[in-house]
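The values are calculated or read from the model by the stated rules, or taken from the named source; none is laboratory data. What you see is a predicted model, and the numbers here were worked out from it, not measured in a lab. As a convention, Cβ positions derive from the backbone with ideal geometry for all residues, glycine included, and neighbour counts pool all protein chains shown.
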Amino acid sequence: MAELIRSDPGDQVAPISSTGDPTDHATDDAWFTAWRRRELSRVDRDGLTYADYTGSALAPESLLRGDAERLLGGVLGNPHSQHIASVRSSADIDEARDAILAFLGASPDEYRVILTANASAALKLVGESFAFGPDRELLLTADNHNSVLGMREFARRRGAAVRSVPFAEEFRIGMPAWGGGGLFAYPAQSNFSGVRHDLGLIALAQEAGYRVLLDAAAMVPTSRLDLARYRPDFVALSLYKIVGWPAGIGALVARHEALAELERPWFAGGTVDWVSVSHERHRLASGPERFEDGTPPFLVAGAVAPALAAVTAVDRDRLARHCHRLVARFLEGLDARRHPDGSPMAVIYGPTAAIDRGATVPFNLLGPDRSVVPHWDVERLAAARRLAIRGGCFCNPGCAEAAFGWPLERVGELLSALGEEFTVPRFGAALGDFPVGAVRASFGLGSVMADVDRTLEVLAEIATAG
Ligand SMILES: Cc1ncc(COP(=O)(O)O)c(C=O)c1O
């Protein structure tokens, strides 16, 4: 078992109550209940209990209305021209970059923002451009989203070693065995287990000769990432995960010198100062545009600053504190639910205490006969009760392998044997007595205690029915 690194909860999560006053909890919940009534009335109108915030946040109504006004209020054109509609779009794009920097407490003297389609596109930009090589490895962690794991294909093509830091206890990352340097890529918060990983690893990796890519997609919706304090070389995020709008826009936030090291494998419209066909030469643009292939998302760029302002306006410390309480209540509630014979109704993967974690909880329901209720049945039965939760492996196979205790040799054999015939149920049937997926409940801006209670109630109904 690898050595466990303790993260500093004070860095990332506001305390439950600085005064120890239990009414703080009710006050915050009342505040968010009022906010939700104002900003997400469509959720209640739909009779929906939404617990899939790690999938996507929900956009506040004032943000959507404001954006409709913005779009209707003036002409926006392709930013690569000089006319007024184009100049307006360029200004929106600059404003979006500034707003993202401010949201992360990053100085423009140190960081640049490249606008992308989503977090995956930001990660791919680094993967395809990083100078991997025989002496510059890719060091991953067992907990990573597929969009980070996919970088190993670029690393391997360049002859680089790819290694993975194993889990220590409770899905936390162990102390990496540093090698000769390269790129270290890990999530600030797991999209599977909700674990907040230690941001202190950033400086350790950099001292060991690595550039650090922090996948912040799952962390920044409910917690502050302060780039004045922690200084990863690259940060990836998606806007729709933060506040539900705008969709189709993400960012790679990169330190100047780390960005300067990246070697773009091609050029595209918008990324170049000039291209010569007859001389087969080109020169890449010097600013972030060098990484922004084609026409940027000019219609939604103007929504970025208001979207981030909407989160800042709710007070991010209050939001973090509230989410911390929501997840504590959910964990306690799920752990406490029992069948009449006293057996548990759920198995929770990852930490069962609300420490160093976000409001994302993976679990499987157990029927009265103690067998796992297949996650696809739970998802379907929950949907019928208007509860929005997610089932599967959540694009995080490292966490899935660890959670479900799969015999890894057998998994390899099955993947080869099933080949093109692979489906999750077939894989599960061949694997035997192991779950092949979990259910994930996640809470965020717009969640209130009543959502947690309703989620628990529906899950108990499903588990009881078996
Ligand atoms: C931790 C993490 N990283 C990366 C991604 C990929 O984000 P996107 O689908 O917006 O590209 C996700 C999406 O769920 C995520 O949770």
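Here residue 183 meets the list (1) closer than 24 Å to residue 267 by Cβ; (2) more than 23 Å from the chain's Cα centre (by Cα) almost entirely, failing just condition (2). On the given criteria, is residue 243 more than 25 Å from residue 39 (Cα to Cα) and under 15 Å from the mean Cα position of the chain (by Cα)? Against the criterion (more than 25 Å from residue 39 (Cα to Cα) and under 15 Å from the mean Cα position of the chain (by Cα)), residue 243 does not qualify. Screening region 237-277 for residues that are of a type in the set (Asp, Glu) and out of contact with any Phe, Trp or Tyr (no Cβ under 9 Å at 6 or more places or on another chain) and picking the one that is nearest to the ligand (Cβ to nearest atom) gives 257.
Within region 130-163, being more than 16 Å from the ligand (Cβ to nearest atom), touching a residue at least 60 places away in the same chain (Cβ under 8 Å) and either buried (at least 17 other Cβ atoms within 10 Å of the Cβ) or farther than 19 Å from residue 258 by Cβ (or both) holds for 130, 139. Scanning region 121-131 for residues that are farther than 20 Å from residue 240 by Cβ and touching a strand residue (DSSP E or B) at 6+ places or on another chain (Cβ under 6 Å) returns 126, 130.
Tell me whether region 188-200 contains one or more residues that are surrounded by fewer than 24 Cβ atoms within 10 Å (Cβ to Cβ), under 21 Å from the mean Cα position of the chain (by Cα), in the same structural domain as residue 146 (by TED's automatic domain parsing) and of a type in the set (Lys, Arg). Checking region 188-200: not a single residue is surrounded by fewer than 24 Cβ atoms within 10 Å (Cβ to Cβ), under 21 Å from the mean Cα position of the chain (by Cα), in the same structural domain as residue 146 (by TED's automatic domain parsing) and of a type in the set (Lys, Arg).
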